[in-house]
Every structure is written in C-alpha cells, then in structure tokens.
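Values in this text are rule-based calculations from the coordinates and carry no lab data. This is a predicted model, so every value here is computed, not measured. Cβ coordinates were reconstructed from backbone atoms using ideal geometry, including for glycine residues, and neighbour counts include every protein chain displayed.
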Amino acid sequence: MEASFDKAAANYDDTFTNTEIGKMQRDLVYTELSKHLTSVKNILEINCGTGEDAIWFAKQNFNITATDISPKMIEVAKGKANLNFKTADINSIASTFENEKFDLLFSNFGGLNCLSKSELTHFFANINLILSEKGQLALVIMPKNTLWERFYFLAKAQFKNIFRRKREGVIAQVDGENVTTYYYNPKDIVNLANANFETVTVKPIGFFVPPSYLDGFFKNKKGILRFLNRLEQGIKNASSLSKYADHYLIILQKR
C-alpha cells in the first residue's frame with residue numbers, strides 16, 4: 001500500500017481522536033470488542049494511527065504490537081506511550097510477522113478501506129498464517145450505504161456525491177491528504193474472508209452517532225449529540241443496520 005497519512009498525523013487527534021464524535025464512536029467499538037477478549041493475550045494492531053487504541057489495549061493488560069504505514073503516525077504514537085510501535089505495510093503484514101502468532105488482529109476506523117478488492121483478498125488469504133488457533137480479526141470498516149453521508153451531500157446539493165461510496169476507488173480527503181478509498185459492506189467482507197474465517201458478529205458503529213467531519217456542526221449541540229448516542233445504544237445489536245452506519249465492527253474467527 002502506498003505510504004500515506006503522514007500529513008494527517010499532526011492534526012489527527014484534534015480532528016478525530018479528541019472530538020466528542022470520535023470519543024463516542026471509539027467507545028462503541030470498545031464496548032462491543034470487550035465482549036470478545038476473554039481468551040486473548042497477544043494483539044497485533046494494523047493502521048494504529050496515533051496509538052490511541054494500542055494505549056487502551058495496554059491499559060487492559062494485553063500484549064500489544066501496533067503498526068502503521070505512516071512513519072509520522074508512529075512518531076506521534078511513540079511520543080504518547082512507550083509501547084511496541086512499528087512502521088509496517090498492511091499488504092506485507094503476514095510476512096513481516098511470519099515468526100510470531102497473535103490471538104487477535106485489530107484494525108479500527110477504516111484502515112482496511114485503503115485496500116482494493118484484490119489487496120483485501122490477498123490480506124484474508126495470508127493473515128491467518130500469523131494467527132493462533134481460533135485467532136480472531138476485529139475490523140472496523142466503512143460501508144457503502146452510510147445514510148449520514150447521503151443526507152450530508154443531499155443537504156449540500158452535491159448530488160453526484162450522494163452515492164459516491166458505491167464507486168470503485170473514491171478519492172477521500174483526510175486532513176488535506178488525498179487517499180484512495182474502497183468501501184465494503186459486511187457481506188463483501190464475509191465473502192472475501194469466507195475460505196479462512198467464519199463470522200462471529202457484525203455490529204453498527206455510528207448509525208445515529210454522526211461521522212467525525214460533522215463534529216464542527218455538533219460542537220455547540222452537545223445535548224443533541226448525547227441524544228443521538230442514546231439512540232445508538234438502542235440499536236447497537238441490530239446487525240442489519242451495519243451497512244447503513246458510518247462504520248461497522250465485524251469479528252471473524254480463524255477456521
């Protein structure tokens with residue numbers, strides 16, 4: 001995968017991690033993920049960004065190795081915590097760690113959306129080699145049918161963008177950096193991973209809680225945001241809504 005996100009590293013925590021929406025979405029991930037960590041000891045995180053999730057795992061007493069393709073992201077992460085952070089490409093992650101075994105591989109907030117279908121197929125074909133018996137993947141992915149985005153572009157009269165996620169290889173802006181992005185519904189992931197993995201669960205992340213790029217709009221509307229978060233709690237087990245949310249969490253187990 002082509003190196004990217006270096007430009008985003010300096011501002012990523014301000015534009016996502018530390019925002020109210022970012023915190024809400026991350027808490028949704030942690031709440032569901034925590035239910036599946038009882039037999040986990042060693043964790044490999046890919047696209048770790050500035051290390052927020054790695055720090056959370058470390059505080060839960062897991063052995064965490066966290067990677068990102070961006071040296072700048074890793075630099076920021078190392079400045080936050082003395083953990084095992086490494087620069088590594090998702091596309092070669094299985095060979096990078098070929099002599100190690102992990103109980104869980106974790107990818108948060110759309111890191112795998114940077115992979116084309118052929119790259120993602122290669123990922124699922126090889127990643128099981130570094131997972132322990134019954135090892136799991138916990139992946140937070142952006143789907144094609146996000147309702148918030150459709151309403152957003154409709155309100156801005158950007159009609160050509162309403163269904164942009166259905167196109168192949170969309171250019172998305174991440175803190176001023178152009179990133180080629182591919183969107184996958186849960187069914188797409190299940191089909192690509194089916195040969196080596198079985199599906200444990202799929203849960204929506206951000207069906208009512210809005211995308212982070214709307215944080216400015218909701219900054220002075222915290223009451224509304226809390227209300228949306230309460231609504232989110234009511235549908236958190238509705239797997240059928242996953243393809244309409246901002247993200248979804250899918251957990252797969254090695255066959």
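For GluC sites (Glu not before Pro), the sites in region 1-92 that DSSP calls loop and that have at most 16 other Cβ atoms within 10 Å are 2.
Place a +1 charge on the Cβ of each Lys and Arg in the chain and a -1 charge on the Cβ of each Asp and Glu, then give the dipole magnitude about the Cα centre in debye, rounded to the nearest 20. Magnitude of the dipole: close to 940 debye. Find the relative contact order for the chain and round it to a whole percent, using C-alpha pairs within less than 8 Å whose residues are 6+ positions apart. Computed over the chain, the figure is 22 percent.
Close amide H partners of residue 86, meaning residues 5 or more places away or on another chain with modelled amide H under 5 Å apart, are 66, 67, 68.
The gain in end-to-end length when the residue 153 to residue 255 segment is fully stretched comes to 32.6 nm, 0.36 nm per residue minus the alpha carbon separation. Placing unit charges on each Cβ (+1 for Lys and Arg, -1 for Asp and Glu) gives region 30-70 a dipole about its Cα centre, and among 69, 51, 34 the Cα reaching farthest toward its positive end belongs to 34. Using the Stokes-Einstein relation with a Kirkwood hydrodynamic radius computed over Cα pairs, the translational diffusion coefficient of region 111-206 at 10 °C and a viscosity of 1.306 mPa s comes to 106 µm²/s. Output the pairs from 7/219; 41/243; 7/72; 78/101; 166/236 with a Cα-Cα distance over 19 Å in this structure; if there are none, say none. Check vs 19 Å cut-off fails for 7/219; 41/243; 78/101; 166/236.
Among the chymotrypsin sites (Phe, Trp or Tyr not before Pro) in region 196-240, none is located in a DSSP loop while being surrounded by at most 14 other Cβ atoms within 10 Å of its own Cβ.
Applying D = kT/(6 pi eta Rh) to the chain, where Rh is the Kirkwood radius over alpha-carbon pairs, T corresponds to 37 °C and eta to 0.692 mPa s, the Stokes-Einstein value obtained is 178 µm²/s.
Across region 22-66, the residues whose backbone nitrogen lies under 16 Å from the label position 7 Å along the beta-carbon direction of residue 233 are 24-32. Result for the chain in a Gaussian network model with C-alpha springs under 10 Å: among 88, 155, 138, the largest mean-square fluctuation is at 155. Based on DSSP H segments of at least four residues, each scored -39500 (n - 2.57), the chain has a per-residue ellipticity at 222 nm of -9000 deg cm²/dmol.
Going from the residue with the fewest nearby Cβ atoms within 10 Å to the one with the most, 27, 246, 68, 215 rank 27, 215, 246, 68.
Listed values for region 85-101 are Karplus-derived 3J(HN,Hα) couplings in whole Hz (6.51 cos²θ - 1.76 cosθ + 1.60, θ = phi - 60°), namely 9, 9, 7, 7, 8, 4, 5, 10, 5, 5, 6, 4, 10, 4, 9, 10, 10, and x replaces Gly and Pro. Each Cα pair of region 98-160 feeds into the Kirkwood radius, which the Stokes-Einstein equation turns, at 4 °C and 1.567 mPa s, into a diffusion coefficient of 92 µm²/s.
Straight-line cross-link reach from residue 117 at under 18 Å between alpha-carbon atoms covers these aspartates and glutamates, not counting any fewer than eight positions away in the same chain: 2, 89, 168, 188. Taking trypsin sites (Lys or Arg not before Pro) across region 1-41, the ones in a DSSP loop with at most 12 further Cβ atoms lying within 10 angstrom of their Cβ are 41. Over region 37-139, the alpha carbon radius of gyration divided by the compact-protein estimate 2.2 N^0.38 Å works out to 1.00.
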